[in-house]
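Engineer: Right, I'll just put the structure down here and ask away after.
The values are calculated or read from the model by the stated rules, or taken from the named source; none is laboratory data. On a predicted model such as this, the values are computed, not experimentally measured, just so you know. Note: ideal-geometry Cβ built from the backbone for every residue, glycine included; neighbour counts use all protein chains shown. All accessible areas refer to the heavy atoms of the entire protein, side chains included, with ligands and DNA or RNA removed. Shrake-Rupley method; radii C 1.70, N 1.55, O 1.52, S 1.80 Å.
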Amino acid sequence: TGNTGGGTVSTVQQWNFDSGLQSWTQTSSAAAVVWAADATPAAVATGLAYKSAPNSLNYNNGTSYDSGATNTGSATSPTVALSALTSPTLTFWCNYETETSASYDKRFFEISTDSFKTTVLSVQLKTTGTSGGLGDCAAIGTWHQHTVTLDVTWGSAQLRFRFDSVDSYANAYAGWFVDDVTLQAVGGVVN
């Protein structure tokens, strides 16, 4: 909780994934490579598999995201009500170990108001050139925070993290890790 000069900023919702997926749903094109709430593998390059112990939301098979084929998967939040909030923002911590080219092993953050028939925001997270006001990703193995300003006119929305290997080559890396997803607003109700 903080004060912006325009009111007190409070946490409306937080997902730290320490007690599982916390009502998030996951899809995957490969049965063994899925979004899970755990701490595997234990290391992400030079970093830990979580920002806050003991778990994170992560895309892999416990070791890597190598399924022998191209694979893609998404983790989708429960619906969050935005219309009654003042100046809502969302932050999340991110870490990854993938190929370094923005053309492969793509990481997307997306928001939808219609169960992902369409998106109101879809941003590929990269080490340089990330759009949408989210900021670029830090170096592989380094936990870093992204912040996005949410639009109250969206009404109710869902958040989604989506990974796409693009091809079946060079997928023996730890994968993508997300932790401490936090929705805050001025005068928000603490959940």
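Engineer: Out of the residues in the range 89-111 that are among the β-branched types (Val, Ile, Thr) and over 23 Å from Thr11 (Cβ atoms), state the one that is most open to solvent (accessible area, probe 1.4 Å). Explain how you work it out, then say what you get.
Structural biologist: So the first thing to find is which residues in the range 89-111 are among the β-branched types (Val, Ile, Thr), and the list is 89, 91, 98, 100, 111.
Next, only the ones that are over 23 Å from Thr11 (Cβ atoms) stay: 98, 100.
Working: Thr98: 4, Thr100: 118 Å².
Of everything passing the filter in the range 89-111, Thr100 is most open to solvent (accessible area, probe 1.4 Å).
Engineer: Inside the range 75-88, can you point out the residues that are surrounded by 20 or more Cβ atoms within 10 Å (Cβ to Cβ) and of a type in the set (Gly, Ala, Ser)?
Structural biologist: Ala75, Ser77
Engineer: Sticking with this one: Tell me the residue from Gly141, Gly187 that is out of contact with any His (no Cβ under 6 Å at 6 or more places or on another chain), more than 20 Å from Ala36 (Cβ to Cβ) and touching a residue at least 60 places away in the same chain (Cβ under 8 Å), please.
Structural biologist: Gly187
Engineer: Have a look at Asp151, Asp114, Asp136 and point out the one that is open to solvent by 40 Å² or more (accessible area, probe 1.4 Å), within 18 Å of Trp24 (Cα to Cα), more than 12 Å from the chain's Cα centre (by Cα) and among the acidic types (Asp, Glu).
Structural biologist: Asp114
Engineer: Looking at the range 162-179 only, could you name the residues that are open to solvent by less than 10 Å² (accessible area, probe 1.4 Å) and of a type in the set (S, T, N, Q)?
Structural biologist: Correct list: Ser165, Asn171.
Engineer: State whether the residues of the range 19-28 include one that is among the aliphatic types (A, V, I, L, M), open to solvent by 20 Å² or more (accessible area, probe 1.4 Å), on the phi < 0 side of the Ramachandran plot and touching a residue at least 24 places away in the same chain (Cβ under 8 Å). Give the steps one after another, and end with the answer.
Structural biologist: Kept after step one, since they are among the aliphatic types (A, V, I, L, M), are these residues of the range 19-28: 21.
Adding the requirement that they be open to solvent by 20 Å² or more (accessible area, probe 1.4 Å) leaves 21.
Checking the rest, the ones that are also on the phi < 0 side of the Ramachandran plot come to 21.
When the remaining residues are screened for being touching a residue at least 24 places away in the same chain (Cβ under 8 Å), the result is 21.
Yes; the residues of the range 19-28 include at least one that is among the aliphatic types (A, V, I, L, M), open to solvent by 20 Å² or more (accessible area, probe 1.4 Å), on the phi < 0 side of the Ramachandran plot and touching a residue at least 24 places away in the same chain (Cβ under 8 Å).
Yes/no per residue for (1) assigned to a loop (DSSP other than H, G, I, E, B); (2) touching a Cys at 6+ places or on another chain (Cβ under 6 Å); (3) open to solvent by less than 10 Å² (accessible area, probe 1.4 Å):
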residue: Thr119; (1), (2), (3): yes, no, no
residue: Thr128; (1), (2), (3): yes, no, no
residue: Arg160; (1), (2), (3): no, no, no
residue: Val181; (1), (2), (3): no, no, yes
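Engineer: Working only within the range 139-148, note down all residues that are small (Gly, Ala, Ser) and open to solvent by less than 60 Å² (accessible area, probe 1.4 Å). It would help to see each step written out before you state the result.
Structural biologist: Just the residues of the range 139-148 that are small (Gly, Ala, Ser), to begin with: 139, 141.
Correct list: Gly141 only.
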